[in-house]
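Inspection log for the structure reproduced underneath, given as structure tokens.
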Amino acid sequence: MIVKEEFLSRLRKIFDLNLYEVKVWTALLSRGTSTAGELSNISDVPRSRTYDILESLEKKGFIVMKLGKPIRFIALKPEEVVDRVKKNLLMEANEKSKRLETLKSDEVLEELSTLFTKGVKFVEPSDLSGSLKGRQNLYNHLDMMIRDAEESITIITTVEGLNKKFEVLMPSLEKCKKRGVKIRIAAPINSNNLKIAKDFKKVAEVRNVDKLKARFTIIDSNQLMFMLLDDEKIHPNYDMGIWINTEFFASVLEQLFELAWKEMKPVR
């Protein structure tokens, strides 16, 4: 059985499986029912690993083991697999969420906070910087920065970036607005994101930028996050950004942004 590498790669990402797991699973799907030995031959997975892989797939809800001699394995309908995987993910997420929620009243969190606050006293502000990889990690850190904002938030982004930021950042921006934080957002506005731009006007002053293509955020004129790559040309998993806690650089960049801001047209 020949399955294209591209297809196997997509399955790995969608179902969070390793290479051996997708090979054995697709081999079993093509047969309906089979033994471990047969699947090893079909999938090109070492026989010594096949039983472990099949046991893992069974636990994850992809297949069913049929008792007998020899032991045979039965493939489930793909639709059923999707439902099972979804339920398992939701259950796992709920369990992890509950564990994290209980941490708020646990002494472990107090000890962790103590370690952090005592340690930060000995850190130079310029040392509080780092690089982040993956768009979701970038948005998570950006959301944290926004939640801590006290005076101002300046965001410049792309067409698609504006749409994504509404989904991820709007709840935190609404809270900042209630605290009196000044919020400004600049992005290219077209038919693909005009509605989102108007929705953002509930919490921020939004303007259209035609000639400048950039991706950065400034918080309180002292924290800065800027993205290194064009989000139209890079896969979200490989997106990269730099976070810096530097009053000098952040304030200079904000002053330059002020000059450009005056030339931008407000969204109507």
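What follows is calculated from the coordinates using simple rules that are stated; it is not laboratory data. For clarity, every value in this text was computed on a predicted model and none was experimentally measured. Glycine also receives a Cβ, built like all others from the backbone with ideal geometry; neighbour counts cover every protein chain displayed.
Worth pointing out:
- Applying a threshold of 6 Å to beta carbon distances and a minimum spacing of six or more residues, or different chains, the list of pairs starting in the stretch 35-61 at a residue that is within 16 Å of A75 (Cα to Cα) and ending at one that is aromatic (F, W, Y) reads A36/Y51; I53/Y20; L54/F73; L57/W25.
- Taking the criterion of being aliphatic (A, V, I, L, M) and either touching a His at 6+ places or on another chain (Cβ under 6 Å) or closer than 20 Å to N193 by Cα (or both), the residues of the stretch 235-268 that qualify are M264, V267.
- For the stretch 250-268, the tally of residues that are touching a residue at least 12 places away in the same chain (Cβ under 8 Å) and surrounded by fewer than 16 Cβ atoms within 10 Å (Cβ to Cβ) stands at 4.
- Residues of the stretch 223-246 that turn out to be part of a helix (DSSP H, G or I) and either without any contact (Cβ under 8 Å) to a residue 12 or more places away in the chain or over 22 Å from S172 (Cβ atoms) (or both), as a count: 2
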